[in-house]
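Here is the structure we will look at.
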Amino acid sequence: RDVLSMSARVAPVGSQMVLLLVEDRTKERRLDAIRRDFVANVSHELKTPIGALTLLSEAVQDAADDPEAVQRFAGRMQIESERLSRLVQQIIELTRVQADDPVEEAATVEVDSVVDAALDRSRVDANAKQIKLIRAGLRDLIVLGSEAQLVIALGNLIENAVRYSPDHTRVVVDVQVVDADQADAGAGELVELSVSDQGVGIPEEELDRVFERFYRVDRARSRATGGTGLGLSIVKHVAASHGGAVTVWSVEGKGSTFTLQLPLRGEAADAHRVVAGAL
Ligand code: ADP
C-alpha cells in the first residue's frame with residue numbers, strides 16, 4: 001500500500017481524445033497516516049492528566065471536612081494542570097515548527113543570542129537543583145534561519161539535560177565550528193551546538209528512538225519531571241528544516257551529549273574566540 005497509491009481521472013479533451021490524469025498519492029497517504037497516528041497519540045497523552053484532574057476534584061469534594069487532605073489534593077491538581085499546559089504548549093510548538101518554513105523567511109541569526117535565550121529558559125529549574133549551567137566555546141557566529149525556532153530547539157536540549165541530571169552537576173553548552181566533511185554532511189562549515197550533562201544517560205539500544213514523538217526511555221521518570229515526550233522530535237524537525245542535524249552520544253549512568261549542527265553563515269567582523277566561561 002505504501003509503495004504506490006494512485007488516483008486517476010479521465011478528462012474529455014475533444015470528441016476523439018481523452019486525457020488520463022494520473023496522480024501519485026503515496027506521499028499524501030503516508031502523511032495522512034502520520035497525522036492520524038499523531039492525533040491518536042495526543043488524545044491518549046491528554047487523557048492521563050485530564051483523568052487525574054477528574055479524580056482529584058472528586059477527592060477534594062469528598063474530603064471537604066479534612067483541610068489537610070484538601071491541601072494535598074489541591075497541590076496534586078496544580079501539578080497535573082501544569083503538566084497539561086506543558087503538553088499543550090509542546091503540541092503547539094511542534095505544529096508551529098512544522099508549519100513554518102524557516103528557510104523561506106530566513107534571517108541571519110546570532111548564535112550567541114540563541115544560546116543566551118535558550119539558557120535563560122532553564123535557569124530557574126537549574127537553580128532549583130543547583131545545577132551549574134556553563135557556556136563554552138566560540139562566540140560571534142552567525143547562522144541562517146528562525147531565531148525563535150532555534151531557541152526552542154536548543155532550549156529543549158538544555159531543559160532535558162537539567163531534567164535528567166541529579167542535583168549538583170554541570171550542564172555545558174559548547175559552540176564549535178567543524179568542517180562539513182568531518183561532520184559527515186553537505187559542504188561548507190557547520191556550527192555545532194552541543195549540550196552535555198552528567199545525568200542518567202540513555203541505553204545504547206534506545207538511542208535511535210528518543211527522537212520519535214512521545215517516545216520516552218523511562219515513562220515514569222519523564223512524567224514525574226514534567227516531560228511530554230515531544231521535546232526531541234521538535235529539535236529534530238528544527239534541525240532538519242535548517243539544513244542541519246541533531247545527534248546524540250550517551251553512556252548510561254554517566255551522561256549524554258546532544259549536538260545540534262547548523263550550516264555556518266559567517267562570523268561577526270569583530271569575532272573573537274573564547275575558550276570557556278562559567279555563568
Ligand atoms: P521528554 O519530554 O520525555 O523529555 P523528549 O522528546 O525531550 O521527551 O525526550 C525523549 C526521551 O529521551 C526522554 O523521555 C528521556 O528518556 C530521553 N532523554 C532526552 N534527553 C535526555 C538526557 N539529556 N539524558 C537522559 N535521557 C534523555
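Restricting to segment 14-31, and then to whatever is of a type outside the set (A, V, I, L, M, F, W, C) and assigned to a loop (DSSP other than H, G, I, E, B), can you tell me which residue is least open to solvent (accessible area, probe 1.4 Å)? Before you say what the answer is, go through the steps one by one.
Residues of segment 14-31 that are of a type outside the set (A, V, I, L, M, F, W, C), as a first pass: 14-16, 23-30.
Narrowing the set further to residues that are assigned to a loop (DSSP other than H, G, I, E, B) leaves 14-16, 25.
Details: G14: 43, S15: 118, Q16: 174, R25: 73 Å².
Per the criteria, the residue is G14.
Give the number of residues within segment 151-174 that are outside any strand (DSSP E or B), open to solvent by less than 10 Å² (accessible area, probe 1.4 Å) and within 12 Å of the ligand (Cβ to nearest atom). Break it down stepwise before answering.
Step one: filter segment 151-174 for residues outside any strand (DSSP E or B), giving 151-169.
Restricting the remaining residues to those that are open to solvent by less than 10 Å² (accessible area, probe 1.4 Å) gives 153-158, 161-162, 165.
When the remaining residues are screened for being within 12 Å of the ligand (Cβ to nearest atom), the result is 153, 155-158, 161-162, 165.
Adding up the residues that qualify gives 8.
Right, A148: open to solvent by 40 Å² or more (accessible area, probe 1.4 Å), modelled with pLDDT under 95 and either touching a helix residue (DSSP H, G or I) at 6+ places or on another chain (Cβ under 8 Å) or part of a helix (DSSP H, G or I) (or both) or not?
yes
Quick one: how many residues across segment 246-263 are closer than 15 Å to V210 by Cα, more than 10 Å from the ligand (Cβ to nearest atom) and open to solvent by 30 Å² or more (accessible area, probe 1.4 Å)?
Residues meeting the conditions: 3.
List every residue pair whose Cβ atoms lie under 8 Å apart, where the two residues are 6 or more positions apart in sequence or sit on different chains, the first residue falls within segment 32-52 and is assigned to a helix (DSSP H, G or I), and the second residue, located anywhere, is open to solvent by 80 Å² or more (accessible area, probe 1.4 Å).
A52/R76
Give segment 236-245 a look and list any residue that's touching a residue at least 40 places away in the same chain (Cβ under 8 Å) and either buried (at least 22 other Cβ atoms within 10 Å of the Cβ) or small (G, A, S) (or both), or say none. First the steps, then the outcome.
Filtering segment 236-245 down to residues touching a residue at least 40 places away in the same chain (Cβ under 8 Å) leaves 237-239, 241-245.
Across segment 236-245, the qualifying residues are V238, A239, S241, H242, G243, G244, A245.
For segment 193-200, check the following and say yes or no: at least one residue is open to solvent by 20 Å² or more (accessible area, probe 1.4 Å), touching a helix residue (DSSP H, G or I) at 6+ places or on another chain (Cβ under 7 Å), more than 8 Å from the ligand (Cβ to nearest atom) and assigned to a strand (DSSP E or B).
no
What are the residues in segment 55-77 that are assigned to a helix (DSSP H, G or I) and either in contact (Cβ under 8 Å) with a residue 24 or more places away in the chain or open to solvent by less than 70 Å² (accessible area, probe 1.4 Å) (or both), if any?
Of all residues in segment 55-77, those assigned to a helix (DSSP H, G or I) come to 55-62, 67-77.
The answer is L56, S57, A59, V60, A69, V70, F73, A74, G75, R76, M77.
Does R83 satisfy the criteria of being in contact (Cβ under 8 Å) with a residue 24 or more places away in the chain and either assigned to a helix (DSSP H, G or I) or within 20 Å of the chain's Cα centre (by Cα) (or both)?
Numbers: in contact (Cβ under 8 Å) with a residue 24 or more places away in the chain: yes; either assigned to a helix (DSSP H, G or I) or within 20 Å of the chain's Cα centre (by Cα) (or both): yes.
Considered against the rule, which asks whether it is in contact (Cβ under 8 Å) with a residue 24 or more places away in the chain and either assigned to a helix (DSSP H, G or I) or within 20 Å of the chain's Cα centre (by Cα) (or both), R83 comes out as yes.
If I ask for residues that are buried (at least 19 other Cβ atoms within 10 Å of the Cβ) and in a loop (DSSP other than H, G, I, E, B), which ones from segment 218-235 would you list?
Within segment 218-235, G227, T228, G229, L230 qualify.
Could you tell me whether V177 is in a strand (DSSP E or B) and either within 14 Å of the ligand (Cβ to nearest atom) or within 18 Å of the chain's Cα centre (by Cα) (or both)? Write out each step before concluding.
Values: in a strand (DSSP E or B): yes; either within 14 Å of the ligand (Cβ to nearest atom) or within 18 Å of the chain's Cα centre (by Cα) (or both): no.
In short, no.
Given the criteria within 11 Å of the ligand (Cβ to nearest atom), touching a Leu at 6+ places or on another chain (Cβ under 8 Å) and either without any contact (Cβ under 8 Å) to a residue 40 or more places away in the chain or of a type outside the set (V, I, T) (or both), does V217 qualify?
Values: within 11 Å of the ligand (Cβ to nearest atom): yes; touching a Leu at 6+ places or on another chain (Cβ under 8 Å): no; either without any contact (Cβ under 8 Å) to a residue 40 or more places away in the chain or of a type outside the set (V, I, T) (or both): yes.
No: the conditions fail for V217.
Before we move on, is Q98 farther than 28 Å from G199 by Cα and open to solvent by 40 Å² or more (accessible area, probe 1.4 Å)? It would help to see each step written out before you state the result.
Working: farther than 28 Å from G199 by Cα: yes; open to solvent by 40 Å² or more (accessible area, probe 1.4 Å): yes.
In short, yes.
The values are calculated or read from the model by the stated rules, or taken from the named source; none is laboratory data. This is a predicted model, so every value here is computed, not measured. Reconstructed Cβ throughout: ideal geometry from the backbone, glycine too, with neighbour counts over all protein chains shown. What goes into the accessible areas is simple: the full protein's heavy atoms, side chains included, and nothing from ligands, DNA or RNA. Shrake-Rupley method; radii C 1.70, N 1.55, O 1.52, S 1.80 Å.
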